[in-house]
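Notes to accompany the following structure.
The values are calculated or read from the model by the stated rules, or taken from the named source; none is laboratory data. For clarity, every value in this text was computed on a predicted model and none was experimentally measured. Using ideal geometry, Cβ is built from the backbone for each residue, glycine included, and neighbour counts are taken over all protein chains shown. In case anyone asks, the SASA skips ligands and DNA or RNA and just uses the protein heavy atoms, side chains included. Shrake-Rupley method; radii C 1.70, N 1.55, O 1.52, S 1.80 Å.
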Amino acid sequence: MSTHAPTTPTPATPGKSMDAIMALCKRRGFVYQASDIYGGINGFWDYGPLGAQLKKNLREAWWQDMIMNPCWGRKGPGGERVRCVPVETCIIQHPKVWEASGHLAGFADPMRKCPGCGHFVRADQLRDVLKTQSEWVASLLNEFEALKQTQTFDRDRLTKWARGKGKKLAPNLALVTSTETTLSWLQERMSTWAINPMNDDEIIDYAATAQLQQTGLQQPCPRCGGVLGTPAPFKLMFETYAGIIQTDDNKVYLRPETAQGVFLHFKNVVDSTRVKVPFGIGNTGRSFRNEITPRNFTFRSREFEQAELEFFCHPDESFEWYKFWRDFRMEWWQSIGLAGENLILREHAKDELSHYSVGTSDVEYRFPFTAPGFGELEGIAHRGNYDLTQHQTHSKVKLDYFDTTRGETLPNGGKKGERYMPHCIEPAAGLDRGTLALICEGYTVDPSRPSPEILKLHPRIAPIKAAVFPLMDKDGLPEIADKLTDDLFANFGRLGFIESDAKQSIGKRYARMDEAGCPYCFTIDGDSAKDQTVTCRDRDTGQQMRMSIDKVVGFVGEKLGV
Ligand code: GAP
């Protein structure tokens, strides 16, 4: 199997338990909560030995396939070789960068505060949070299930709920604090239920509204039921100070995306290298967002790592390049193991587009916590010339490009040249979300196996590349195992761990490797000394085959695609 061939798709993700996946991640050293021994810190995650190597393999696969040998050597829309170079840029940049990029003015989530309990909720997520995370809403809607059947108003039942469960779960809800008046509005509305049924959102809002005529329908706090305040922007950038004086003049920001560092060096890269438009500049690194509701394990974190490419091209060719990158990025995620129906490419509707984008597609994965829906893994945006133009305006440094291959043909056969502001196509991936998607996709429970939890990671990405087990710790078997381990180390140690283990039953040793995602185990037994063969066990099928010891390195190399 070549490196770029998709793996066999595992069954769809919905049945997979996030609790079981998180438990395995901790147990086997993939992911730990940051500051674990202090009780953790919300929105921050660390990687253990296997997770750190898994994420490194993902980063290096990106680096290899996006920068060093972009798109596996595939030609671009005009038949040209795709050219990309890397940069590495600082987390803290000049504060004006964020003014120019639009982050200082616009990078904020609309938040609503509950004056009753002080809870904040993102305005655009309120409906979803109310219906999926609020205990009192679940309880109230449960009461309404019975009323929906009969389509009748049942004052006694709702009063009982308000005085009992409602009072306990949602002490600030209008239905609890002003039961009579709230119920009278509800009764009036429900009298028309037969011709105009109420949906869940309306039921929730009516329960939160005591003075319908004065206030209109209100939206309640998912936690206590109190009426939420109007939305106000909450800035997502972390702030700190550079230098000893901590005033506004020295205020700086932790970058919320790696992309801006690239735009800042567009001119430097053009001037200091021989790259010509079209070409890309890639950057991987940490980004920081003070997410209001970090959740779903590492999916929405406050510190995370991005791998972003800014690909600069002529405006006339930009939509061709946009389609090219969108399709390649989908294929790339498939090549490293997200090959099944859990991966989709979704084009944004016009009203979803970011302020800088004239077209965006997301590669989305069906995580267990988004199922049956999908969550963003990577965004591929057509950013037009927004960023270079903004930085040119704010820095007063000319960032346009003089293209000597364009313009009128001169009498000497050369070109007059054309000056333009390049357009930018940005495939922006998240390495933590990528790592999480690979773990979720690979996580498989097979009750027919002695140890049913298996992590089916693509060999290229797997943190442990191979394991060598002497069946017994005697009779010369450890020596043969050591020699094979050394050979595997010498060839693949730079790509991941090579494990060697002589303890425990062979079944337990296989089970440990299955959970850790090691694709191949090689067992040395009594015959190995006689005929120089070993048993190769395949993680995904559990099947074993006999092979000559001197074929092992070649076999592993072929599976890893190196
Ligand atoms: N430069 C464009 C940009 O940053 P984005 O869609 O905001 O676009 C790109 O981020 C990718 O970064 C996302 O697709 C996701 O994988 C990752 N990402 C964004 N916010 C994240 C967070 N809070 N936690 C983990 N990953 C995140």
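Are any residues in the range 267-311 in a strand (DSSP E or B), small (G, A, S) and near the ligand (Cβ under 10 Å from one of its atoms), and if so, which ones? Passing the criteria: S287, A307. The set of residues from the range 524-541 being touching a helix residue (DSSP H, G or I) at 6+ places or on another chain (Cβ under 8 Å), open to solvent by 10 Å² or more (accessible area, probe 1.4 Å) and farther than 15 Å from P459 by Cα comprises D525, G526, A529, Q532, T533. Could you check the range 15-50 and list, in sequence order, the residues that are part of a helix (DSSP H, G or I) and over 19 Å from R295 (Cβ atoms)? Once the filter is applied, which keeps residues that are part of a helix (DSSP H, G or I) and over 19 Å from R295 (Cβ atoms), the range 15-50 yields G15, L24, R27, I37, Y38, P49, L50.
With the structure loaded, tell me whether G442 is within 16 Å of the ligand (Cβ to nearest atom), modelled with pLDDT of 95 or more and crowded, with 17+ Cβ neighbours inside 10 Å or whether it fails that test. Taking the combined requirement at face value, the residue does not satisfy it.
Scanning the range 166-186 for residues that are open to solvent by less than 80 Å² (accessible area, probe 1.4 Å) and either more than 41 Å from the chain's Cα centre (by Cα) or among the acidic types (D, E) (or both) returns S178, T179, T181, T182, L183, S184, W185, L186. Does at least one position in the range 326-348 carry a residue that is more than 16 Å from the ligand (Cβ to nearest atom), open to solvent by 40 Å² or more (accessible area, probe 1.4 Å), among the basic types (K, R) and more than 16 Å from the chain's Cα centre (by Cα)? There is no residue in the range 326-348 that is more than 16 Å from the ligand (Cβ to nearest atom), open to solvent by 40 Å² or more (accessible area, probe 1.4 Å), among the basic types (K, R) and more than 16 Å from the chain's Cα centre (by Cα). Please go through the range 77-103 and give me each residue that is of a type in the set (G, A, S) and more than 27 Å from the chain's Cα centre (by Cα), ordered by number. Listed by number, the residues that qualify are G78, G79. Among the candidates I464, I439, I425, the residue that is in contact (Cβ under 8 Å) with a residue 60 or more places away in the chain and touching a Cys at 6+ places or on another chain (Cβ under 6 Å) is uniquely I464. Once the range 450-486 is narrowed to residues that are surrounded by fewer than 20 Cβ atoms within 10 Å (Cβ to Cβ) and closer than 27 Å to L343 by Cα, the residue that is nearest to the chain's Cα centre (by Cα) is E453.
Scanning the range 503-519 for residues that are farther than 17 Å from M22 by Cα and among the small types (G, A, S), we see that the one that is surrounded by the fewest Cβ atoms within 10 Å (Cβ to Cβ) is S505. Would you confirm whether any residue within the range 375-396 is within 14 Å of the ligand (Cβ to nearest atom) and over 26 Å from V82 (Cα atoms)? Yes. E558 falls short on exactly one of the conditions (1) closer than 16 Å to A481 by Cβ; (2) in a helix (DSSP H, G or I), and that condition is (1). Cβ separations smaller than 7 Å between residues 6+ apart or across chains give the following pairs from the range 350-371 residues that are under 22 Å from F324 (Cβ atoms) and among the charged types (D, E, K, R) to residues that are open to solvent by 20 Å² or more (accessible area, probe 1.4 Å) and modelled with pLDDT of 95 or more: D362/R346; D362/E376; E364/I344; E364/R346; E364/F374; E364/E376. The residues in the range 206-229 that are open to solvent by 10 Å² or more (accessible area, probe 1.4 Å) and not in a loop (DSSP other than H, G, I, E, B) can be counted, and the count is 6. When you look at W185, is it part of a helix (DSSP H, G or I) and at pLDDT below 95, yes or no? In short, yes. Can you report the number of residues in the range 117-131 which are open to solvent by 50 Å² or more (accessible area, probe 1.4 Å) and not in a strand (DSSP E or B)? Matching residues across the range 117-131 total 5. Taking (1) within 18 Å of P231 (Cβ to Cβ); (2) touching a Pro at 6+ places or on another chain (Cβ under 9 Å) in turn, A174 satisfies each apart from (1). Checked against (1) within 15 Å of the ligand (Cβ to nearest atom); (2) in contact (Cβ under 8 Å) with a residue 40 or more places away in the chain; (3) surrounded by fewer than 22 Cβ atoms within 10 Å (Cβ to Cβ), P315 passes all but condition (1). Restricting the range 440-488 to residues that are in contact with a strand residue (DSSP E or B) (Cβ under 8 Å, 6 or more places away or on another chain) and of a type in the set (V, I, T) leaves a set whose member that is farthest from G48 (Cα to Cα) is I480. T240 falls short on exactly one of the conditions (1) more than 21 Å from the chain's Cα centre (by Cα); (2) away from the ligand (no atom under 14 Å from the Cβ); (3) not in a strand (DSSP E or B), and that condition is (3).
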